[in-house]
1. Take the residues in region 249-286 that are out of contact with any Gly (no Cβ under 9 Å at 6 or more places or on another chain) and acidic (D, E), then tell me which one is most open to solvent (accessible area, probe 1.4 Å).
2. Can you pull out every residue in region 229-246 that is surrounded by fewer than 18 Cβ atoms within 10 Å (Cβ to Cβ) and part of a loop (DSSP other than H, G, I, E, B)?
3. Can you list the strands (runs of 3 or more DSSP E) found entirely within region 36-130 that contain at least 2 residues being surrounded by 14 or more Cβ atoms within 10 Å (Cβ to Cβ), over 16 Å from the mean Cα position of the chain (by Cα) and charged (D, E, K, R)?
4. Scanning for something open to solvent by 10 Å² or more (accessible area, probe 1.4 Å) and either part of a helix (DSSP H, G or I) or in contact (Cβ under 8 Å) with a residue 24 or more places away in the chain (or both), does region 174-181 turn up at least one residue?
5. Just need a number here: residues in region 156-213 that are aromatic (F, W, Y) and over 13 Å from the mean Cα position of the chain (by Cα).
6. Answer yes if at least one residue in region 208-219 is surrounded by 23 or more Cβ atoms within 10 Å (Cβ to Cβ) and under 16 Å from D259 (Cβ atoms), and no otherwise.
7. In region 254-283, what count of residues is obtained for those that are assigned to a loop (DSSP other than H, G, I, E, B) and under 23 Å from V175 (Cα atoms)?
8. Determine whether E317 is under 20 Å from A157 (Cβ atoms), among the acidic types (D, E) and open to solvent by 10 Å² or more (accessible area, probe 1.4 Å).
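The values are calculated or read from the model by the stated rules, or taken from the named source; none is laboratory data. Only a predicted model underlies this, so the values are computations on that prediction, with no experimental measurement involved. So basically every Cβ, Gly included, is an ideal-geometry build from the backbone, and we count neighbours across all protein chains shown. For the accessible areas, the whole protein counts, side chains as well, though only heavy atoms, and no ligand, DNA or RNA atoms are used. Shrake-Rupley method; radii C 1.70, N 1.55, O 1.52, S 1.80 Å.
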Amino acid sequence: MKKINLVYLLLVATIFSCKESANVIKSEKEIATIDSVTVKKHLYTLASNEMEGRMTGTPGIEKAAKYIENEFKRIGLTTYDTLKDYRQTFTFTDRRSKKEITTSNIIGILEGKSKKNEIVVISAHYDHLGIRKKEGQLDSIYNGANDDASGVTGILALAEYFKAKGTNERTILFVAFTGEEMGLIGSTHFGKGIDANKFVAGINLEMIGKVPSFGPNTAWLTGFERSDFGKIIQKNLVNSGYQLFPDPYKKFNLFFRSDNASLARLGVPSHTFSTTPIDVDKDYHQASDEAETLNMTVITQTIQAVAKGTESIINGEDTPTRVVIKENK
């Protein structure tokens, strides 16, 4: 009888041990991290020649759209509003070619908890300039690695991070906008269909792949003076080793040149994070904007800083003041 009891106890102990190990493994998988391996995978895929420069209305951007959709599905994001999938599809007339183009914003949702009716947007544009053949130029594919595969990489990494973390009291809308290079087409369309009062903040990522003029572990924010969004980020980054500065390139009027502007014009405190010294960047809107020219450490650390800097907004602790719109002439 004693032998049987001993065997039974050993069996129970073994089963319990296996369950504990499984729980540990599960917990380890759910740890929220933003790592350079994942960042590099997203960036090199989106900026590959296979995407053919991701011009709106081309097969290349369709490949990028499918990649983003698959990542949203893998991460476990839900669909937006009444959409049957991750695509917000619409048609517009290209102001240059006068052609009708059908395209899609790619939208995924991470529903909030206690404040699920308050929305934070994390966005970037996934389109670029496509293929442009020029005489004497060997490379005709404008890969758009920094502009803005780096930003889309950021929203994918942040989606996975906040999903694993599971502490977002507010709902997070992850949006890859189309048609930015054609005049903020995707974000303008998105803005037409929303109740701006429900939108607490817009976190837009644009060209985050190079060391800024402020030095390593820094980024700059457009429209810093238009709300207290930037000050909240600065407060959250104290003692992190990372710093956020106001946009130093005022003459370029960058606040109105990226997708944050479409929400900002509706009063949403929506701003763009960037790291690129835009005044001297030789790869901006050139075929040379390829993944190999970017710094994976810079991108990874910037995404990590955005996660930490915006955490109090996403968790419902801080609410930025509504943006002040007075366009610079």
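1. Ranking the qualifying residues of region 249-286, first place goes to D279.
2. V238, N239, S240, G241 - these are the residues of region 229-246 that are surrounded by fewer than 18 Cβ atoms within 10 Å (Cβ to Cβ) and part of a loop (DSSP other than H, G, I, E, B).
3. Working: elements: 87-93, 100-110, 115-125.
Passing ranges, in order: 115-125.
4. Applying the first criterion (open to solvent by 10 Å² or more (accessible area, probe 1.4 Å)) to region 174-181 yields 180-181.
Retained after the next criterion (residues that are either part of a helix (DSSP H, G or I) or in contact (Cβ under 8 Å) with a residue 24 or more places away in the chain (or both)): 180-181.
Yes, there is a match, as at least one residue in region 174-181 is open to solvent by 10 Å² or more (accessible area, probe 1.4 Å) and either part of a helix (DSSP H, G or I) or in contact (Cβ under 8 Å) with a residue 24 or more places away in the chain (or both).
5. Matching residues across region 156-213 total 2.
6. Looking for residues that are surrounded by 23 or more Cβ atoms within 10 Å (Cβ to Cβ) and under 16 Å from D259 (Cβ atoms), one finds at least one in region 208-219, hence yes.
7. Of all residues in region 254-283, those assigned to a loop (DSSP other than H, G, I, E, B) come to 257-259, 265-269, 275-283.
Adding the requirement that they be under 23 Å from V175 (Cα atoms) leaves 257-259, 265-269, 275-276.
Of the residues in region 254-283, 10 are assigned to a loop (DSSP other than H, G, I, E, B) and under 23 Å from V175 (Cα atoms).
8. On the way: under 20 Å from A157 (Cβ atoms): no; among the acidic types (D, E): yes; open to solvent by 10 Å² or more (accessible area, probe 1.4 Å): yes.
It is false that E317 is under 20 Å from A157 (Cβ atoms), among the acidic types (D, E) and open to solvent by 10 Å² or more (accessible area, probe 1.4 Å).
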